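See below for the structure under consideration.
The values are calculated or read from the model by the stated rules, or taken from the named source; none is laboratory data. These numbers were taken from a predicted model, which means no experiment stands behind them. With ideal geometry, Cβ positions are generated from the backbone for all residues, glycine too; neighbour counts draw on all protein chains shown.
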Amino acid sequence: MAEKILLIGGSANGFGRETESDSASYQMVSALLKRGCEVFLVDDNPDSFTASRTDVHVEVLNLTAENLVKVIIANGITGVVPNVGGTTAIRLAFEVQQILGDQGPKIYGLSTPVLKATQNTKYLQERLQQWHLPAVQTRLASTPGEVFDAARELEFPVVVRSIAPQGQALRMQAEDAEELDQIAEDALARSLTHQVNVDKSIRGYKEIALIVMRDFRDTNVLIGGIEDMDPVGIHSADSIAITPIQTLADPVVQTLRHTAFKIARGFDIKGLLQVRFAVNPEDDTYVVTRLVPYYDRKVSLIEGATGYPMVPVMTGLMLGDRLEKVHIPSSYAEHTAMLEPTMDHIVVRFPVFTFGELELGGIETNRRLDTIQKSVGATIGVGRSLEEALEKALRAAHFSNRSFSPDLMGELTDSQVIAQLIHPQDNRILLLLEAIRRGYTVDELAELTHIDAFFFYKLQKIMQLEIDVQDHPWDIDLMKRAKYYGLSDGLIAKLWSSVYDSVRRYRWDNNVLPTYKAFEPSAGEFQESVSQFYSTFETENESERLGQNTVLIIGTGAFRLGDGASASYVMAMVSDEYKRQGYETVLMNNNPHDLTFIPQLSDKQYFEPLEISDIMNVVEVEQPTRIVVPGNRIKLINSLKSAGLKVDVIAREKYLESTLTEPKEEILLNYFFDGAELHPIVLSHQTNRQVNIETAEQTILRDLAVPEMPFAEPGLYQFVMPTMPQAGVGLQGEMRPMPFTHVAFLDKVSHVDWLRMLVRFILNTSTTADEALLDQLPDFDWPYQRAVLHYHDAEFKEHMNIQVPLDNGQFAMGVTYEVE
Amino acid sequence: MAKRYLILEDGSVYEGVAFGAPATTFGEIFFHTAMTGYQEIMTNPIYHNQIVVFTMPTIGAAGINHRADEAIGPMVKGVVVREVAEVSTNRLQSMSLHEFLLRHNVPGISQVDTRALTRHLRETGSQKASIVDFPDDHAFDQLRALVLTNQEVQQTSTPRAYVNPGRGANIVVIDFGLKNGTLRMLNDYDANVTVLPYTATLEEVLNLDPDGIVLSSGPGNPHDIPEEILSLIRTLQKTVPLLAIGLGHELFALANGVEVEPMPIEHHGMNHPIREQITNQIMYATQAQGYQIVTSTIKGTDVFVTHVDLTDGSIQGLRHRNYPAFSVQFFPDTAPGPVEATQPFDDFMDMVTVRRGG
Amino acid sequence: MTKEIVDSMAMQRALTRITYEIIEKNKGINNLVIVGIKTRGVFIGQHIAERLQQLESAEIPVGELDISSYRDDQSETLAKQPLDVNIDGKRVILVDDVLYTGRTIRAALDALMDNGRPAVVNLAVLVDRGHRELPIRADFVGKNIPTSAMERIQVNVEEVDGRDSVEIE
């Protein structure tokens, strides 16, 4: 077939795009190469892990239609894949198609009609009506007057959404005329065609997402369903999400499934389709709210939760394979692609917000949750009960100080509590627990929040359990119950006014040990060769020590501001190099979209919270030879070391000092420290907008003094100075670990895999080529004259109502780069 | 919350917590992988006298509502789950799962490591099991002494004929352990349905002047059914369009000279890919299957294969070469289960309509 | 105003049912030959043959019958086109998309007889729209769609029209 396939990258990360598309494109590249395709990638995101592959042709260009056309023509591209690069990639693919017309390459995985339906609600409604499927009532408007006409006809509350929006699609809810006045003009302005849809609000309905796959012969299979705990009205990314669906009865689920298939058939989907529904909790009627025909976070969640080989199957179907014939990696049982995934565990996805960090940085934000996304990342908790999964997800999102700090929530007045119940903020799970504590009944709470009462019963149960545990310190039966429902050793210690170590020892002495269960899509019916596990406290343990010479690698958790995707990139690279150096690798992380969970990347994965107790539990099973930990986890590193374990630290500094107040520039001297000597790599300039490297000025590095080095671990470091250094003069500044964003950037623009080299030095397996390279420094053959890293404006204004410019060193969500 | 135990014939013991009725019961144990539809599954007569293990760890959130009943009350002798929702919040529900089982004197046991149990059962195949208060020798003795009845159909089939009226075609259903879903589907076509006990004679059937016959699904071993029924089937298939489901399908096979054997590992779920041979399309349907057609005995008979389960090659559908008669092993009534699986009813009613001259 | 009255899925099911009925009536597939009336009848015939092959793993020959020279409603005499399959002693399933007045079928029967001596001829049509002018009936019917003489029925097949459907206008 020898096709030349172009993957359109996603460019800078931001709200709506974490590392899930990079993870998908990485896997897709493997699947495409296996089919004998030649693969090209255009991306300007330095954090792209896929772009670090040597078996792909990477073009570092701004993602514009013109640039893509250039690459297509220059390389004779025969097929374009836009559905692993987020919404931008999709829009670009069709712009390219418009430019090239019939002469252009085939677009795989998407068709023009389905794209239109994704962006244009009116068109979606028409098609749905044509197929006798229920849709949201909507009207088109091009002027504020028309917007109001629509609102009068549909009745408040209404939702306004921009058609063909620049950037991420925004949906803004208006409860009354005043609110509508505020948003109407803005929404029209954001649309490239100056049009908006005005929808009748379905606020309070349950949000359900179904993910289906279809092949060209119309075989449809349901991969999974996600239920949001928060109803319509809160952006789905900010909601707590659960899979499998909990509160819908079979007939409703089957109807939704059937509808999703009808839609996939109607659009002749080959590959993946996600259909979002809103279900009226009063009577189980429903409407189809939108379509998502590309790989997004919900798809990534289902892939992780079920263990289904989503990307290899999607790739095969997209290129015209029948479902029975799709090639999947040999680690899966033969029929896995055709078996509808069936789960025997519960996965809860918990959103991670950044308000705390922003407030610490003195930035005012609006913490209220609504239809515009505010969360920046997410974690998951996996368990065998909803309580356990919820507890683990909460822990993973670092809410370790929640319940039983009555001071936190206890200060709120009753009316404040009610206000926040109706208008939820990011900390609403704490608020809900506080409300339960204050005696609100489940029915009252369900009424005020429109969250299904089912979840309140669960929260109540957790609350009661905590009270019971606190009231009976060192009661073994209660401890067993606590562990059964997911309470951590740390929390139990807090409840017993003790320390985590004592609790752990007590647990050990009484044989209350975690059992690890495998993630596989057949609920235990079939033998699947599994490598993904989660913990629970039951009777059978399925995880055995992987081997005698393993390395345990601790991931960086949820996507956060500052280093965002680069943290994932760094740990993925590091993990890959350990594998190359002959270790069997075991990964542990709680972020479902993280690159470290790419199936081929490691030999075994644990989806677990990353607290010390969780890690120690895994260490007990795996007994690894070495443990790799990101440098900021000081407590963890110390605990592991004092337990006599070999710890490899990946030096980590999350962000630079604030450059917010002045438009100042800082000079960064970037070093590779091999454990003994500092080797200067490059001098870069940092402002609040960008980081740049000029090859020509690197000669200055030759005559510089060596700065003070307060760190002992090998790694990549940066010396921060206020002004340009002078030859021969002592250096004034501060040494710190190189921020991961800069590490990723450096890897890309120097064409040297610094991280891989670091691992080799840590393991004492550095090659003569490595030594030669370091000896040569600062003389280095730079492939480019100039390289610039741009901090990308992540639309903080729209998402979080932040009016002031942000310190990108601390708060950047995404970056792009260019080279000359 | 009282402790209870699930004990298996092979000596295994699983500890859990009681819900439902405090009764002690015995039955054949099986695991069901469906993530939804627990009420439909528990009330399906095919599971009469059996103990069901749900692999889905959270059961009961949707409560019990009588639209989801496949028979009056639960048919199972016990329910084994990981977590049972004490309270359900579904607006359409009339009671919780716990109350339902309590009323019908069926015990449940929760907080069992159902995944471990499932993995164990997939190795051993089905066994006798019991839900007891103490896993002592006495309990095991009683369990081992249990003789499973071969009169399942007799216990679940209706003792008297009854009518489910409609204005459309005249359909006679022979009840081998009929589930409501079958009647619901026929109602959708406004069929005028008469349900006969499994002991019906040829005369009784023909007297109703049927436009079509349905052989229902049901519990147990098809070889336990009296021979006369097979010859009844042979005559009926020549006369009128015939649809057979589940146990009915196995009887249809036996009637036409094809052999049926117990399955090494039973299928209870709705996730297996089933290929419709004639179109080469894959579909999904609910399966509740303990017996299967012996594939090698098809050759030379007058039936051919219409559907195959792609995970193990087991035959899921047959059709007669010469007569308008066909059968399916899976459940085409969507209670619970995928909507696309209802195709056989469409095809059957099409056949009936064509032959009525419509 | 064109309206779709049978969609792709319904059309597929109809063909599946016809296939089963053919097997039933013929007690199997021995000696079976499918002859499709040009143009769309041929494709429909091929779909039936595909299904038979799926089920019985045997290849049924499909022939194309061009009846333009046999029609009774034209003045010109056109050269007769020979049939590309052998029908002597065979059980022929004649396939067309729509059965209307019956004149096309009568012409088809003439054409068949000119090409051999079949043992049996059965007729399979996707749509029977009524209004027969000759004593002709189909043995296998996909859908019965009663129509007025003013209406027009159009069968679309993927190979020719890009989609499978039946439309009425």
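How about the range A:236-254: which of its residues are at the interface with chain B (Cβ under 7 Å from one of its Cβ atoms), under 20 Å from A:Met213 (Cα atoms) and touching a residue at least 12 places away in the same chain (Cβ under 8 Å)?
Across the range A:236-254, the qualifying residues are A:Pro244, A:Val253.
Can you confirm whether the range B:138-147 contains a residue that is within 14 Å of chain A (Cβ to nearest Cβ) and under 13 Å from B:Tyr5 (Cβ atoms)?
So the first thing to find is which residues in the range B:138-147 are within 14 Å of chain A (Cβ to nearest Cβ), and the list is none.
Within the range B:138-147 (the criterion being within 14 Å of chain A (Cβ to nearest Cβ) and under 13 Å from B:Tyr5 (Cβ atoms)), the answer is no, since none of the residues qualifies.
State all residues of the range A:441-451 that are surrounded by fewer than 21 Cβ atoms within 10 Å (Cβ to Cβ) and either in contact (Cβ under 8 Å) with a residue 40 or more places away in the chain or over 21 Å from A:Glu388 (Cα atoms) (or both); if no residue qualifies, say none.
Of the residues in the range A:441-451, the ones surrounded by fewer than 21 Cβ atoms within 10 Å (Cβ to Cβ) are A:441-448, A:450.
Matches in the range A:441-451: A:Thr441, A:Asp443, A:Glu444, A:Leu445, A:Ala446, A:Glu447, A:Leu448, A:His450.
Among what's in the range A:9-33 and is of a type in the set (A, V, I, L, M, F, W, C) and more than 19 Å from A:Met310 (Cα to Cα), pick the residue that is surrounded by the most Cβ atoms within 10 Å (Cβ to Cβ).
Restricting attention to the range A:9-33, the residues satisfying the condition of being of a type in the set (A, V, I, L, M, F, W, C) are A:12, A:15, A:24, A:28-29, A:31-33.
The next check asks that each one be more than 19 Å from A:Met310 (Cα to Cα); those that pass are A:12, A:15.
Details: A:Ala12: 25, A:Phe15: 23.
By that ranking, first place goes to A:Ala12.
Yes or no: A:Ala305 within 11 Å of chain B (Cβ to nearest Cβ) and of a type in the set (A, V, I, L, M)?
On the way: within 11 Å of chain B (Cβ to nearest Cβ): no; of a type in the set (A, V, I, L, M): yes.
Criteria not met by A:Ala305.
Condition check: away from every other protein chain (no Cβ under 14 Å), under 15 Å from the mean Cα position of the chain (by Cα) and under 15 Å from C:Gly142 (Cα atoms). Does C:Arg103 satisfy that? Working first, answer last.
Working: away from every other protein chain (no Cβ under 14 Å): yes; under 15 Å from the mean Cα position of the chain (by Cα): yes; under 15 Å from C:Gly142 (Cα atoms): no.
Taking the combined requirement at face value, the residue does not satisfy it.
From the list A:Gly490, A:Gly557, pick out the single residue that is closer than 30 Å to A:Gly10 by Cα, among the small types (Gly, Ala, Ser) and not in a strand (DSSP E or B).
On the way: A:Gly490 fails: closer than 30 Å to A:Gly10 by Cα.
Only one candidate passes the filter, namely A:Gly557.
Can you name every residue in the range B:3-31 that is of a type in the set (Gly, Ala, Ser) and over 13 Å from B:Leu143 (Cβ atoms)? Give the steps one after another, and end with the answer.
Step one: of the range B:3-31, the residues of a type in the set (Gly, Ala, Ser) are B:11-12, B:16, B:18, B:20-21, B:23, B:27.
Of everything in the range B:3-31, those that are of a type in the set (Gly, Ala, Ser) and over 13 Å from B:Leu143 (Cβ atoms) turn out to be B:Gly16, B:Ala18, B:Gly20, B:Ala21, B:Ala23.
Please go through the range C:9-39 and give me each residue that is among the β-branched types (Val, Ile, Thr), surrounded by fewer than 23 Cβ atoms within 10 Å (Cβ to Cβ), under 28 Å from B:Gln343 (Cα atoms) and more than 8 Å from every other protein chain (Cβ to nearest Cβ), ordered by number.
C:Ile29, the sole residue that qualifies.
With respect to A:Glu357, determine if the residue is touching a residue at least 60 places away in the same chain (Cβ under 8 Å), within 27 Å of A:Val804 (Cα to Cα) and in a loop (DSSP other than H, G, I, E, B). Spell out how you get there, then give the answer.
Values: touching a residue at least 60 places away in the same chain (Cβ under 8 Å): yes; within 27 Å of A:Val804 (Cα to Cα): yes; in a loop (DSSP other than H, G, I, E, B): no.
No.
Take the residues in the range C:46-69 that are acidic (Asp, Glu) and assigned to a loop (DSSP other than H, G, I, E, B), then tell me which one is farthest from C:Glu159 (Cα to Cα). Break it down into steps so the answer makes sense when it comes.
Here is the first cut: in the range C:46-69, the ones acidic (Asp, Glu) are C:50, C:56, C:59, C:64, C:66.
When the remaining residues are screened for being assigned to a loop (DSSP other than H, G, I, E, B), the result is C:59, C:66.
Numbers: C:Glu59: 21, C:Asp66: 18 Å.
If we take residues in the range C:46-69 being acidic (Asp, Glu) and assigned to a loop (DSSP other than H, G, I, E, B), then C:Glu59 is farthest from C:Glu159 (Cα to Cα).
Please state which of the following conditions A:His235 fails to meet, knowing it meets all the rest: (1) buried (at least 22 other Cβ atoms within 10 Å of the Cβ); (2) modelled with pLDDT under 90; (3) over 26 Å from the mean Cα position of the chain (by Cα).
Exception for A:His235: condition (3).
Among the listed residues A:Arg171, A:Arg161, identify the single one that is among the basic types (Lys, Arg), at pLDDT below 85 and either within 22 Å of A:Glu798 (Cβ to Cβ) or out of contact with any helix residue (DSSP H, G or I) (no Cβ under 8 Å at 6 or more places or on another chain) (or both).
Working: A:Arg161 fails: at pLDDT below 85.
Among A:Arg171, A:Arg161, only A:Arg171 is among the basic types (Lys, Arg), at pLDDT below 85 and either within 22 Å of A:Glu798 (Cβ to Cβ) or out of contact with any helix residue (DSSP H, G or I) (no Cβ under 8 Å at 6 or more places or on another chain) (or both).
For the condition more than 19 Å from B:Phe330 (Cβ to Cβ), at pLDDT 95 or above, buried (at least 17 other Cβ atoms within 10 Å of the Cβ) and not basic (Lys, Arg), what is the one hit in B:Leu196, B:Leu251, B:Leu242?
That would be B:Leu196, the only listed residue that is more than 19 Å from B:Phe330 (Cβ to Cβ), at pLDDT 95 or above, buried (at least 17 other Cβ atoms within 10 Å of the Cβ) and not basic (Lys, Arg).
May I ask you to say which residue of B:Ala62, B:Ala129, B:Ala139, B:Ala116 is closer than 26 Å to A:Asn280 by Cα, among the aliphatic types (A, V, I, L, M) and assigned by TED's automatic domain parsing to the domain that holds B:Leu8? Give the derivation first.
Working: B:Ala129 fails: closer than 26 Å to A:Asn280 by Cα; B:Ala139 fails: closer than 26 Å to A:Asn280 by Cα; B:Ala116 fails: closer than 26 Å to A:Asn280 by Cα.
The match here is B:Ala62.
Determine whether the range A:787-809 contains at least one residue that is in a helix (DSSP H, G or I), touching a Gly at 6+ places or on another chain (Cβ under 6 Å), within 30 Å of A:Val647 (Cα to Cα) and at pLDDT below 90. Walk me through it before giving the result.
Step one: filter the range A:787-809 for residues in a helix (DSSP H, G or I), giving A:796-800, A:808-809.
Then keep just the ones that are touching a Gly at 6+ places or on another chain (Cβ under 6 Å); that gives none.
So far as the range A:787-809 goes, no, none of its residues is in a helix (DSSP H, G or I), touching a Gly at 6+ places or on another chain (Cβ under 6 Å), within 30 Å of A:Val647 (Cα to Cα) and at pLDDT below 90.
Output the residue which, of all residues in the range B:115-137 that are within 14 Å of chain A (Cβ to nearest Cβ) and touching a Ser or Thr at 6+ places or on another chain (Cβ under 6 Å), is farthest from B:Arg184 (Cα to Cα).
B:Ala116
Please enumerate the residues belonging to the range A:454-512 that are in contact with a Leu (Cβ under 6 Å, 6 or more places away or on another chain) and of a type in the set (Val, Ile, Thr).
Result: A:Val469, single match.
Would you tally the residues in the range A:453-486 being surrounded by fewer than 20 Cβ atoms within 10 Å (Cβ to Cβ) and part of a loop (DSSP other than H, G, I, E, B)?
Residues meeting the conditions: 4.
What number of residues within the range B:68-82 are in contact with a Lys or Arg (Cβ under 7 Å, 6 or more places away or on another chain) and closer than 11 Å to B:Phe54 by Cα?
First, the residues of the range B:68-82 that are in contact with a Lys or Arg (Cβ under 7 Å, 6 or more places away or on another chain): B:70-71, B:82.
Within this subset, residues satisfying the condition of being closer than 11 Å to B:Phe54 by Cα are B:82.
Qualifying residue count for the region: 1.
Sort out which residues of the range A:84-104 are surrounded by fewer than 21 Cβ atoms within 10 Å (Cβ to Cβ) and assigned to a loop (DSSP other than H, G, I, E, B), and write them in order of number.
A:Gly104
Looking only at the range B:332-358, filter to residues that are in contact with a helix residue (DSSP H, G or I) (Cβ under 7 Å, 6 or more places away or on another chain) and among the hydrophobic types (A, V, I, L, M, F, W, C); which one of those is nearest to the other protein chains (Cβ to nearest Cβ)?
Once the filter is applied, the top-ranked residue is B:Val339.
Between A:Glu334, A:Glu340, which is modelled with pLDDT of 85 or more, part of a loop (DSSP other than H, G, I, E, B), farther than 16 Å from A:Phe15 by Cβ and within 14 Å of chain B (Cβ to nearest Cβ)? Spell out how you get there, then give the answer.
Working: A:Glu334 fails: modelled with pLDDT of 85 or more.
Answer to the check: A:Glu340.
Restricting the range B:32-59 to residues that are outside any strand (DSSP E or B) and more than 10 Å from chain A (Cβ to nearest Cβ), which is surrounded by the fewest Cβ atoms within 10 Å (Cβ to Cβ)? Full working, then the answer.
Initially, the range B:32-59 is screened for residues outside any strand (DSSP E or B), giving B:33-49, B:55-57.
From what is left, the residues that are more than 10 Å from chain A (Cβ to nearest Cβ) are B:42-49.
On the way: B:Met42: 30, B:Thr43: 24, B:Asn44: 33, B:Pro45: 25, B:Ile46: 28, B:Tyr47: 27, B:His48: 21, B:Asn49: 19.
Checked the range B:32-59; the qualifying residue surrounded by the fewest Cβ atoms within 10 Å (Cβ to Cβ) is B:Asn49.
Of everything in the range B:244-287, what is assigned to a strand (DSSP E or B) and more than 14 Å from chain A (Cβ to nearest Cβ)? Give them in sequence order. Walk me through it before giving the result.
Filtering the range B:244-287 down to residues assigned to a strand (DSSP E or B) leaves B:244-245, B:260-269, B:274-276, B:281-283, B:286-287.
Correct list: B:Ala244, B:Ile245, B:Val260, B:Glu261, B:Pro262.
Answer yes or no: is there a residue in the range B:334-355 that is within 22 Å of B:Val53 (Cα to Cα), among the hydrophobic types (A, V, I, L, M, F, W, C) and at pLDDT 95 or above.
No, there is no match, as no residue in the range B:334-355 is within 22 Å of B:Val53 (Cα to Cα), among the hydrophobic types (A, V, I, L, M, F, W, C) and at pLDDT 95 or above.
Could you list all residues from the range A:696-714 that are surrounded by fewer than 18 Cβ atoms within 10 Å (Cβ to Cβ), closer than 14 Å to A:Met735 by Cα and not acidic (Asp, Glu)?
Result: A:Ala705, A:Val706, A:Met709, A:Pro710, A:Phe711, A:Ala712.
Taking A:Phe526 as meeting all but one of (1) farther than 30 Å from A:Asp47 by Cα; (2) of a type in the set (Phe, Trp, Tyr); (3) touching an Asp or Glu at 6+ places or on another chain (Cβ under 7 Å), write down the number of the exception.
If we test A:Phe526 against (1) farther than 30 Å from A:Asp47 by Cα; (2) of a type in the set (Phe, Trp, Tyr); (3) touching an Asp or Glu at 6+ places or on another chain (Cβ under 7 Å), just (3) comes out false.
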